[in-house]
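The values are calculated or read from the model by the stated rules, or taken from the named source; none is laboratory data. Note that the structure is predicted; figures quoted are calculated from it, not measured. Quick reminder, even Gly has a Cβ in these numbers, built from the backbone with ideal geometry, and neighbours come from all protein chains shown. Remember, those area values only see protein heavy atoms, side chains included, never the ligands or the DNA or RNA. Shrake-Rupley method; radii C 1.70, N 1.55, O 1.52, S 1.80 Å.
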Amino acid sequence: YTILSKVHSDRNVYPSAGVLFVHVLEREYFKGEFPPYPKPGEISNDPITFNTNLMGYPDRPGWLRYIQRTPYSDGVLYGSPTVENVGKPTIIEITAYNRRTFETARHNLIINIMSAEDFPLPYQAEFFIRNMNVEEMLASEVLGDFLGAVKNVWQPERLNAINITSALDRGGRVPLPINDMKEGVYVMVGADVPFSSCLREVENPQNQLRCSQEMEPVITCDKKFRTQFHIDWCKISLVDNTKQVSTFQEVIRGEGILPDGGEYKPPSDTLKSRDYYSDFLITLAVPSAIALVLFLILAYIMCCRREGVEKRNMQTPDIQLVHHSAIQKSTKELRDMSKNREIAWPLSTLPVFHPVTGEIVPPLHTDSYDHTSMPLMQTQQNLPHQTQIPQQQSAGQY
């Protein structure tokens, strides 16, 4: 059978540029689109996962993130819209997958980004909270408690959450699954008044020294956060946009700097066909022809221009030819004589004594053997003045 996807009606949201945007994808919202369990009256708890992408593209916009821990938890879209997207509706396709029945349900989320009147807020502070995960911090009540604590410390007239980023997106490591450890989350807030004296205590030389030694700095307002949020004060970042000086410098064009060519203009779709026959001749045919000519010239020199033995003998003096011929003749006679020699096996390679009895082994040849072909080394019994080795006698003779 074929499973057809079901489409919800479009939903419109209106976030402000530069302010944190959070949209929760509730599983309960999509459960009605999937068939229930066979048993009537049983509460369905199907595992549901979500896929989000910009319409016509495989991924989401750069400012928008998505997180869902398990198929049994809600998904969350969050991020901070930019000013460049103001007035341009962003359509996000949301597809819900039922992991039990493999059915899908889809609807579109239309994000209409509005311009903020007092954006950007000039004073921005980024906190690193160690005992929170990003999906826990995105909950409205938790984020409200944190903004309330910051407001008590900062005392601004206007305070907004600008962005939330997981520590894993900043290069952090996944914590070990012990003691309910958290990955940590960065929260950036903005206000319209300068930083309070409590937040400025991080910039003290004593606290900077303690941070360099990996020690906790002494912050007077830390107790207002410690009950619920464990803030790493060494990683706090304070940005004052009112004092930032533009570092833009006009580029002086000179040698080595190309002129501005404007926007990139791709070639048209109607390209003319190109004949590659001339390229083939230049690339392959011409080098092959040159190599063939060089091969023929080398073959003619090596095979057809040999001088030969007769020309060599004509250019060699007669006395040298006579000496060479005499040497070759003598060498041939010596080789023929060495082939006709019949010499017994050298006695030096035979054992002198019997390996078992110890008796002297007689020579292999008789005394009438031609001594001219006898090797230089003889057996011990034929040598003059040889000392006889006494034989072992039986015990009855003593």
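Per-residue counts of other Cβ atoms within 10 Å, averaged by peptide: what ranking do you get for 142-153, 15-26, highest first?
The peptides rank, most packed first, as 15-26, 142-153.
For the stretch 123-240, what is the Kirkwood hydrodynamic radius in Å, using each pair of distinct C-alpha atoms?
Evaluated over the stretch 123-240, this radius sits at 14.8 Å.
Which of 154, 194, 132 sits closest to the plus end of the dipole of the stretch 94-195, meaning its Cα is farthest towards the positive end, when Lys and Arg get +1 and Asp and Glu get -1 on the C-beta?
132
Among the GluC sites (Glu not before Pro) within the stretch 46-125, which fall in a DSSP loop and have no more than 13 other Cβ atoms within 10 Å of their own Cβ?
Answer in residue order: 117.
Would you please classify the overall shape of the stretch 87-167 from the alpha carbon gyration tensor, given that a ≥ b ≥ c denote the square roots of the eigenvalues, rounded means a/c under 1.5, and beyond that prolate means a/b larger than b/c while oblate covers the rest?
oblate
Mind putting a number on the dipole of the stretch 123-240 about its Cα centre? Charges go on the C-beta only, +1 for Lys and Arg and -1 for Asp and Glu, and I need it in Debye to the nearest 20.
Approximately 200 debye in magnitude.
Taking amide H positions as placed in the peptide plane 1.01 Å from N, state which residues far from residue 16 in sequence (5 or more) or on other chains have amide H under 5 Å from it.
Amide H neighbours of residue 16, under 5 Å, 5+ apart: 114.
Between the stretch 296-310 and the stretch 113-161, what's the alpha-carbon centroid distance in Å?
93 Å
Ordered by packing density, taken as the mean number of other Cβ atoms within 10 Å over each peptide's residues, highest first, how do 318-331, 185-198 rank?
185-198, 318-331
What does the charge add up to near residue 233, with Lys and Arg as +1, Asp and Glu as -1, over the other residues with Cβ less than 9 Å from its Cβ?
Once all neighbours under 9 Å are counted, the net charge is -3.
Kindly report, to the nearest 10 Å², the accessible surface of residue 215 as traced by a 1.4 Å probe over protein heavy atoms only.
Approximately 80 Å² of residue 215 is accessible to the 1.4 Å probe.
Could the peptides 228-238, 291-301 be put in order, highest first, of the mean number of other beta-carbon atoms found within 10 Å of their residues?
Ranked from most to least packed, the peptides come out as 228-238, 291-301.
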